[in-house]
Amino acid sequence: ETNPLYRLETVDLQDTRQRFLGSVNLTWAPISWFELEGNFSLDQSSFFEANYTPEGLLSDQSGVGLGSISRNQNHSNDMNASFTASINRTFGDLTTRTKIRYLYEDQASQSFSASGSDFTVIGVPRIDNTDSSTRNASSSIVNVVSEGAFFITSFDYKGKYVGDVLVRRDGSSLFGPDERWQTYYRASGAWRLAQEDWWSIDAIDEFKIRYSIGTAGGRPNFSAQYETFSVGNGSIRPTALGNRFLKPELSTEQEVGLEMVLFGKVATGLTYAWSRIEDQLLNIPLPGFVGFSSQWQNAGTLESSTVEAYIETSLVDRPDLGWATRVNFD
């Protein structure tokens, strides 16, 4: 049996990690119905790893080893900042809530790794002292910048009519150069019929119908818009063809629902939702004469629908004991 302390004593392994997290929030409310809020946050992390296995290490598999060495290092810096203006006003029976926000995000990372094995000179732990055929090195730099602005307003009239509207404008360096900015929206409304004066069904305490429609986008991966190449053994081969017209996936979802409360005790609801995702991001194979094997394109459409229902009631409701049960179906 190998002495379990032998490798721990012989091999030099070092891992060093540093992390900094910080954020600040500032709020200013000059009047009761108006508020300004600013936010800034920062997340920095660094990692360094060094592995050194000297020559002469005994192993059950390979006998006496010739040694190896590796170095890995990466650093990331994520920054977020936002500015929001909130307006909350009441006009008689109408209550409104409005927000205007600007958001900026910056994500940057760098990494480097190198390794080699089979030392030429004993006792010199350097990568350039290894067999050149065993050496490997790689590095990467990734930087993603995104910004956006949105406007959202919601209203409630007499507790009977509820709705909201949102418009959002997003820009990202992940989109192709000719498709840097995209616009999304959402609208929803609900009507609580049981709160109307003409409602006469005493057994139904709550009866609400609702509808909503909204859009969202799925961002491409970092390298999807660029020409990419594979490098190895002194040769460079084209891999993926770039696409300057690459857009995010566009998802449009609609939903209708019904919610009721019976006898002040039983709550039930039914929801039907359907969605359509256009411009799906797919890695499309290309014919040989193009020179590249594939290209990321907006080339797919996916449709789906969902039905959901639930019923919930309280079986026991005492100061010393509560027991509720719920059944879901989808």
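Would you mind finding the one in R326, R318 that is open to solvent by 90 Å² or more (accessible area, probe 1.4 Å) and in contact with a Ser or Thr (Cβ under 9 Å, 6 or more places away or on another chain)? Steps first, please.
Working: R318 fails: in contact with a Ser or Thr (Cβ under 9 Å, 6 or more places away or on another chain).
Step by step, each of R326, R318 is checked, and only R326 is open to solvent by 90 Å² or more (accessible area, probe 1.4 Å) and in contact with a Ser or Thr (Cβ under 9 Å, 6 or more places away or on another chain).
Within the stretch 50-66, one or more residues are outside any loop (DSSP other than H, G, I, E, B), touching a helix residue (DSSP H, G or I) at 6+ places or on another chain (Cβ under 8 Å), open to solvent by 80 Å² or more (accessible area, probe 1.4 Å) and modelled with pLDDT under 95. Residue count for the stretch 1-23 satisfying the condition of being outside any loop (DSSP other than H, G, I, E, B), open to solvent by less than 100 Å² (accessible area, probe 1.4 Å) and in contact (Cβ under 8 Å) with a residue 40 or more places away in the chain: 3.
This table checks each residue for (1) under 23 Å from N221 (Cα atoms); (2) touching a Pro at 6+ places or on another chain (Cβ under 6 Å).
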| site | (1), (2) |
| --- | --- |
| R237 | yes, no |
| L241 | yes, no |
| L246 | yes, yes |
| T252 | yes, no |
| L270 | no, no |
| A273 | no, no |
| S294 | yes, yes |
| A299 | yes, no |
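Identification of strands (runs of 3 or more DSSP E) wholly contained in the stretch 89-197 with 2 or more residues that are out of contact with any strand residue (DSSP E or B) (no Cβ under 6 Å at 6 or more places or on another chain) yields no element. Of all residues in the stretch 179-192, one or more are surrounded by 15 or more Cβ atoms within 10 Å (Cβ to Cβ) and over 32 Å from the mean Cα position of the chain (by Cα). Of all the criteria given as (1) farther than 21 Å from E253 by Cα; (2) open to solvent by less than 70 Å² (accessible area, probe 1.4 Å); (3) touching a residue at least 60 places away in the same chain (Cβ under 8 Å), the one not satisfied by V145 is (3).
Looking across the stretch 103-142, the residues that are open to solvent by less than 60 Å² (accessible area, probe 1.4 Å), of a type in the set (V, I, T) and more than 30 Å from Q182 (Cβ to Cβ) come down to V124, I127, T130, T134.
The values are calculated or read from the model by the stated rules, or taken from the named source; none is laboratory data. Note that the coordinates shown come from a computational prediction; the quantities given were computed from them, not determined experimentally. As a convention, Cβ positions derive from the backbone with ideal geometry for all residues, glycine included, and neighbour counts pool all protein chains shown. Note: areas computed on protein heavy atoms with side chains; ligands, DNA, RNA excluded. Shrake-Rupley method; radii C 1.70, N 1.55, O 1.52, S 1.80 Å.
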